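Worksheet: the structure to be examined is printed underneath.
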Amino acid sequence: MNDMTVPPADPMRAIAERVAALPADKRRQFLAQLDAKGISGQRLPIVPAPRDGDLPLSHAQRRLWLLSRLEPEGAAYHITGGLRLSGDLDPAALQAALGGLVARHEALRTVFPEAEGEPRQRILSPAPVDLARIDLSAGRQAELGEISVAEARRPFDLAAGPLLRATLITLAADEHVLLLTLHHIVADGWSLDLLVEDLARGYENHRAGRPQQAASGIQYADYAVWQ
């Protein structure tokens, strides 16, 4: 008979799961009690929070939300990226890959409505992504820069979303540019590189008939609840 040792359960994780499942007011009371006993809530690991309603914002998200209220037409916190795609392109596979990307990353389908004067983050169900298309192949390639700037400056509605926009620009039959624009409240420059890599994998998987990747366990909303 093999001697198999079962690792002991992590008591801090058990506490974190209990805290995450509490309503916001009860969660604050519980953490205050821990703090009174000299136990910092920051020692608790990040665990998946229930998705049975709206969730709080992280400190960084709250700052960005307040800045958007002060300057709703501003574009200072827009993140933009342009991918030049050469060769044969399958627009249907690209749109499917975008949908898979948004399905895997909850932040990309999160909106920020206001309730009783307080912002909340609301995670929407996965849905097809609108891939806008512009054809500049008929001698209009010089308009690419102007369109890119206009798209980067177009404001977002944080309460209604979507907070990810995708535009496919055709320059020639075998040359395209994919413009991605996101609000900083759902992404940052570092995560944009990861999203592009994830999008590329999803596109190749779709074209090859392979199943899409599953969503990862911990999402940004879980971090916001933990914080």
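Over the chain, calculate the relative contact order: mean separation of alpha carbon pairs under 8 Å at least 6 apart, over the residue count, as a percent.
On the way: 319 pairs, mean separation 65.4, N = 227.
Once normalised by length, the contact order is 29 percent.
Just one of (i) 17.6; (ii) 14.7; (iii) 16.0 is mean projected area of the Cα convex hull in nm² calculated from these coordinates, so which is it?
(i)
Provide, as a two-decimal number, the C-alpha radius of gyration of the range 40-127 over 2.2 N^0.38 Å, N being how many residues it has.
Rounded to two decimals, the normalised Rg is 1.42.
Can you figure out the FRET efficiency of ARG13 with ARG84, using R₀ = 45 Å and their beta-carbon distance, to the nearest 0.05?
0.50
What does the net charge come to around ASP88 if you take all other residues with beta carbon closer than 15 Å to its beta carbon, with K and R at +1 and D and E at -1?
Summing Lys/Arg as +1 and Asp/Glu as -1 gives -2.
Apply the Karplus curve 6.51 cos²θ - 1.76 cosθ + 1.60, θ = phi - 60°, to the phi angles in the range 86-101 and return the couplings in whole Hz, x for Gly and Pro.
With the stated coefficients, the range 86-101 comes to 10, x, 5, 10, 9, x, 5, 5, 5, 5, 5, 5, 5, x, x, 4 Hz.
Provide the net charge surrounding ILE134, with neighbours chosen by a C-beta distance below 15 Å and charges set as Lys +1, Arg +1, Asp -1, Glu -1.
-1
Over the Cα atoms of the range 131-203, what is the Rg over Rh ratio if Rh follows Kirkwood?
1.00
Fully extended, how many nm does the chain gain between ARG43 and ARG122 (0.36 nm per residue separation, minus their Cα-Cα distance)?
25.8 nm
Quick one: if the Förster radius is 35 Å, what FRET efficiency do GLU204 and ARG140 give, using the C-beta to C-beta distance and rounding to 0.05?
Efficiency computed from Cβ-Cβ geometry: 0.70.
May I ask you to compute the full-extension gain from GLU175 to ALA214, defined as 0.36 nm times their residue separation minus their alpha-carbon distance, rounded to one decimal in nm? Show your work: numbers first, answer last.
Working: separation 39, 0.36 × 39 = 14.04 nm, distance 3.05 nm.
Full-extension gain reported as 11.0 nm.
With a 1.4 Å probe and all protein chains left in place, how much accessible area per residue does the chain have, in Å²?
59
Using DSSP to define loop residues, name the trypsin sites (Lys or Arg not before Pro) in the range 50-135 whose beta-carbon has at most 12 other beta-carbon atoms within 10 Å.
ARG51
Not counting ligands, DNA or RNA, and with a 1.4 Å probe, what is GLU17's accessible surface area in Å² rounded to the nearest 10?
90
Tell me, what is the FRET efficiency for LEU22 and ALA159 to the nearest 0.05, using R0 = 30 angstrom and their Cβ-Cβ distance as r?
0.70
The values are calculated or read from the model by the stated rules, or taken from the named source; none is laboratory data. Computed from a prediction, not measured in an experiment: that's the story for all the values here. In this analysis, Cβ positions are derived from the backbone assuming ideal geometry, glycine residues included, and neighbour counts consider all displayed protein chains. Quick note on the areas: whole protein, heavy atoms, side chains included, nothing else; ligands and nucleic acids left out. Shrake-Rupley method; radii C 1.70, N 1.55, O 1.52, S 1.80 Å.
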